[in-house]
1. Restricting attention to the stretch 136-166, report how many residues are more than 13 Å from the ligand (Cβ to nearest atom) and among the hydrophobic types (A, V, I, L, M, F, W, C).
2. Provide a single number: the residues in the stretch 171-215 that are crowded, with 23+ Cβ neighbours inside 10 Å and under 14 Å from ILE134 (Cβ atoms).
3. Go through (1) touching an Asp or Glu at 6+ places or on another chain (Cβ under 6 Å); (2) at pLDDT below 90 for PRO187 and report which single condition fails.
4. Go through the stretch 4-38 and count every residue that is more than 20 Å from ALA78 (Cα to Cα) and among the aliphatic types (A, V, I, L, M).
5. For the subset of the stretch 226-251 comprising residues that are free of Cβ contacts under 8 Å to residues at least 40 places away in the same chain and of a type in the set (Gly, Ala, Ser), which member is nearest to HIS138 (Cα to Cα)?
6. Tally up the residues in the stretch 252-269 that are in a strand (DSSP E or B), without any contact (Cβ under 8 Å) to a residue 40 or more places away in the chain and either within 35 Å of the chain's Cα centre (by Cα) or outside the structural domain of GLY322 (by TED's automatic domain parsing) (or both), please.
7. Quick check: is even one residue across the stretch 301-312 in contact with a Lys or Arg (Cβ under 7 Å, 6 or more places away or on another chain) and either touching a residue at least 40 places away in the same chain (Cβ under 8 Å) or under 17 Å from ILE114 (Cα atoms) (or both)?
8. For the stretch 216-243, enumerate the residues that are of a type in the set (A, V, I, L, M) and surrounded by fewer than 22 Cβ atoms within 10 Å (Cβ to Cβ).
Amino acid sequence: MNERIEKIASQALEDIENAKSSEALQDIHNRYLSKKSELSSFMSKMRDLKAEEKVKFGQFMNDIRFKITTSLESKKAALQKKALEERLNKEVIDYTLPEVDLKKGSKHLFNKIIDEVCDIFVGMGYQIAEGPEIESDHFNFELLNVPKDHPARDMQDTFFIDETLLMRSQTSPVQAHVMLEKKGQGPIKIISPGKVYRRDDDATHSHQFGQIEGLVIDKNINMGNLLATLELFSKAMFGEKREVRMRSSYFPFTEPSVEVDISCFECGGKGCALCKKTGWIEILGAGMVHPHVLEMCGFDPHEYQGFAFGIGIERVAMLKYGVDDIRRFYNNDMRFNTQFKR
Ligand code: DAH
């Protein structure tokens, strides 16, 4: 019996040696190792053997099967290697084929302006602060000197979520958050970019837009510091030749309050369509932080003063790049978005 088995085994090894494909190997596997194979049929003969012969015969069969299996495996690996080599030899890479045109993404103009403005202020030693877009009435209005029923609320007719929560209508509440965190201890020098929401919709007003808030609190801060800061910013953002002027204005949380204009960068101040023939372009609101706001936010107004300003992100972009409609920032027209790649 053993002789017959040895013969089958050597036939199997020979077949493996001659096999030319993995399909052929699979056939060999079925022929010699499957349950229905002749080799397997010998296993049933075990029954008739004595105990010690059983062990010996079992061992013998295992060795045979092991030889065939390992030989099958190594032949399979050899065939695969050969196939791969053949493929690599045949394959020619055509370097002259045009590359696949992968579209490279780029920053949205909105974020580019944030980066530019923040870079300028970080260069002046400001830190970047963030605040929540869902804000409480208390922070969005009351801590900024706008109590319930104050007429200034009309200008920021707002998206309320419930009685006390709303989508913030300005980035100014970040001022209050930062001051309260500082617990009456200056200095503070922050800039805070982010989205704000109002019930607005026309070519220059969108229900969602961006602002950048600035706040400086320290001892001996005055309007001169504010003016110098805004001059530095305007020249860095709009060109060395820019001049800055202030007009008195009103914001509930600053006193005095100013509207800040820069000399028109289109005509240099002579008067053109962009500046509506005035030579000046309004870019932001600012002022000295109201003593009552300082007090409500934990700062002693006899010891500390501060200035604040708020810049409209899209407004800066529209002026700088001549964008005609604020809604272009939000309707995802790639022809608009990809214009500002560099
Ligand atoms: N929060 C004001 C607005 O949305 C803008 C503003 C004006 C911010 C004066 C300031 C400021 O910090 O001092 O209309």
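The values are calculated or read from the model by the stated rules, or taken from the named source; none is laboratory data. Values in this document were obtained by computation on a predicted structure and should not be read as measured data. Positions of Cβ are generated from backbone atoms using ideal geometry, with glycine treated the same way; all protein chains shown enter the neighbour counts.
1. 5
2. Residues in the stretch 171-215 being crowded, with 23+ Cβ neighbours inside 10 Å and under 14 Å from ILE134 (Cβ atoms): 4 in total.
3. The number of the failed condition is (2).
4. Adding up the residues that qualify gives 4.
5. Of everything passing the filter in the stretch 226-251, SER249 is nearest to HIS138 (Cα to Cα).
6. Residues that pass the stated criteria total 3.
7. Within the stretch 301-312, the subset in contact with a Lys or Arg (Cβ under 7 Å, 6 or more places away or on another chain) is 303-304.
Now drop any that are not either touching a residue at least 40 places away in the same chain (Cβ under 8 Å) or under 17 Å from ILE114 (Cα atoms) (or both), which leaves 303-304.
So far as the stretch 301-312 goes, yes, one or more of its residues are in contact with a Lys or Arg (Cβ under 7 Å, 6 or more places away or on another chain) and either touching a residue at least 40 places away in the same chain (Cβ under 8 Å) or under 17 Å from ILE114 (Cα atoms) (or both).
8. Hits for the stretch 216-243 are ILE221, MET223, LEU227, ALA228, LEU232, ALA236, MET237.
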